[in-house]
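What follows is a single structure, written as structure tokens, with notes after it.
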Amino acid sequence: MRLAAAVAVLALAALPAAAQEFGFMVRQTEVKAEPFADAAAAGTLPERAKVQIVKRQGAWMQVKGDGAAGWVRMLAVRTESGSAGGAGSSGLASIFSFGRGGSSGTAVATGVRGLDKEQIRNATPNPNELARMKGYAASRADAERFGASAPRLASQRVDYVASASAPAAGGGGAGGGQASPLGGN
Amino acid sequence: MTPRQILGLMAAAALAAVAAGANAQFRIPGIDVNRALDTVKNVVTVVNEPDEKQEREIGAEWAAILVGAAPLWANPGAQRYVNVVGRWVALHSERPDLDWQFGILDSDNVNAFATPGGYIFVTKGLVVRMRSEAELAGVLGHEIAHVVRKHHLKAMQTGALANIGGNVLTEVVGRRSGVPAELRSQLVNAGKQMFMRGLDKDDEYEADRMGVVLAARAGYDPYGLPAVLQTIAAMGAQSSELALLFETHPPPGARLDALERVMSPPLDRYATQPQVAERFVRSISGQ
């Protein structure tokens, strides 16, 4: 693990500037000057307009398109096939690059490892590996300490949201739609 | 007296009440016959359900298949990290005190899985494509929702997998304790079919709607799950790492459309909650 960590540090240091990400608008969209619903308008992008994704911020994406630049709702954008979306922009994918070569950088010609249909069909259950997983488990106390440590995560009461055609999850059965800041007791 | 025995007594009492009502041929003041019948139906359903211990035994058999197909990623720091993040999100669900366990599978595939009783898996291929803890929380929230709503058991009982898994499930539940050896291979086969065919599509949409809310309850920006779905959409259906995910889930574009319809405005006020990108990258990369 030490070696892997060292390699990871080197790989992070060597990361190129975040690769460019592109997308397109799923509908005609008013572009905002700031990432707020009531921010000033900064132009309009038509349906299918190509945009470059500059930045993400919660529900918003900063984009540059033909004739308009500013903030749009992230769900009004679909990221493009072949753009950096596939590699992610955290840089982790290039640290732990796979298929094309491990962190050693040597090319390894392997297919996708692990969880294809065939591999699941042919899998032999491994209860010992499952027992090993328990060793990493976190208790309720561990999790509460984690939530309270910096950056602090503030528990919220939030109701489940209903779909247009279905009632909110948790109407009965195991769920219960009650929004609890910390469930149970 | 066990909960099961209490339920049995309740069922018997309710049946007696219904029988009394039917024989007497007139309404008994204070007893709503239809409601009593509904109670009987509900109680019978509950009695046929696995209890929590059985749920976990079934879930463990199925989880062992996944770690049999791809071992845990040899990155202890990352494994511990997904467990605290996952448990923190699960604490905000309706089943906070299940024995939740989370694991990163050493697979280049992009996928995530849950099995009954609180076993949750994400693949390394998916985790390294995420940007933040909020994205991880959204994906874990989706899987936690499958467990909370018992979607796998439902699929075996009445859904797409009833032909394959219904009987073995009834048998296992009938045994009351442990999974007998002669049923184990049937149960494993049912689990493999479940992973290969996927859950009911409506349950995937429900898990998306619940996942974003669980992330918001846990203090994260709820737009992490849609961000991951955008990453998956951008990889494209032809990507070999995504073959199984695309076969077993609605297309990511349709899932994004469905989330868009429900997230705004109710969840917008939580979109300024933290994404926690820095801790995520540090914890996964082992720095």
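The values are calculated or read from the model by the stated rules, or taken from the named source; none is laboratory data. Every value quoted in this text rests on a predicted model; they were computed, and no experiment measured them. Counting neighbours? That spans all protein chains shown, and the Cβs are built from the backbone with ideal geometry, glycine included.
Quick notes
- The set of residues in the range A:128-173 that are modelled with pLDDT of 95 or more and among the hydroxyl-bearing types (Ser, Thr, Tyr) comprises A:Tyr136, A:Ser139, A:Ser149, A:Ser155, A:Tyr160.
- Across the range B:228-239, the number of residues qualifying as at the interface with chain A (Cβ under 7 Å from one of its Cβ atoms) and either in contact (Cβ under 8 Å) with a residue 60 or more places away in the chain or touching a Phe, Trp or Tyr at 6+ places or on another chain (Cβ under 6 Å) (or both) comes to 2.
- Lone qualifier among B:Ala254, B:Ala234 - being surrounded by fewer than 22 Cβ atoms within 10 Å (Cβ to Cβ), assigned by TED's automatic domain parsing to the domain that holds B:Arg209 and aliphatic (A, V, I, L, M): B:Ala254
- Only one of the listed residues (B:Asp202, B:Asp208) is assigned by TED's automatic domain parsing to the domain that holds B:His142, under 19 Å from B:Val148 (Cα atoms), within 21 Å of the chain's Cα centre (by Cα) and surrounded by fewer than 19 Cβ atoms within 10 Å (Cβ to Cβ). That residue is B:Asp202.
- Only residues that are part of a loop (DSSP other than H, G, I, E, B), surrounded by fewer than 24 Cβ atoms within 10 Å (Cβ to Cβ) and not acidic (Asp, Glu) were counted in the range B:80-101, giving 3.
- Here A:Gly111 meets each of (1) in contact with a Ser or Thr (Cβ under 8 Å, 6 or more places away or on another chain); (2) at the interface with another protein chain (Cβ under 7 Å from one of its Cβ atoms); (3) modelled with pLDDT under 95 with one exception, condition (2).
- Checklist (1) within 29 Å of B:Tyr81 (Cα to Cα); (2) part of a helix (DSSP H, G or I); (3) facing chain A (nearest Cβ under 7 Å) applied to B:Val212, failing item: (3)
- The residue of the range B:102-122 that is surrounded by the fewest Cβ atoms within 10 Å (Cβ to Cβ), among those that are at the interface with chain A (Cβ under 7 Å from one of its Cβ atoms) and in contact with a Ser or Thr (Cβ under 7 Å, 6 or more places away or on another chain), is B:Asn109.
- Residue match in the range B:262-281 (condition: under 27 Å from B:Leu161 (Cα atoms), crowded, with 23+ Cβ neighbours inside 10 Å and under 21 Å from the mean Cα position of the chain (by Cα)): no
- Here B:Leu161 clears all of (1) under 23 Å from A:Asp116 (Cα atoms); (2) assigned by TED's automatic domain parsing to the domain that holds B:Gly236; (3) under 16 Å from the mean Cα position of the chain (by Cα) except the condition numbered (2).
- Selected residue [at pLDDT 95 or above, under 14 Å from the mean Cα position of the chain (by Cα) and more than 7 Å from chain A (Cβ to nearest Cβ)] from B:Leu98, B:Leu66, B:Leu126: B:Leu98
- Residue among B:Leu242, B:Leu225 that is more than 9 Å from every other protein chain (Cβ to nearest Cβ) and at pLDDT below 95: B:Leu242
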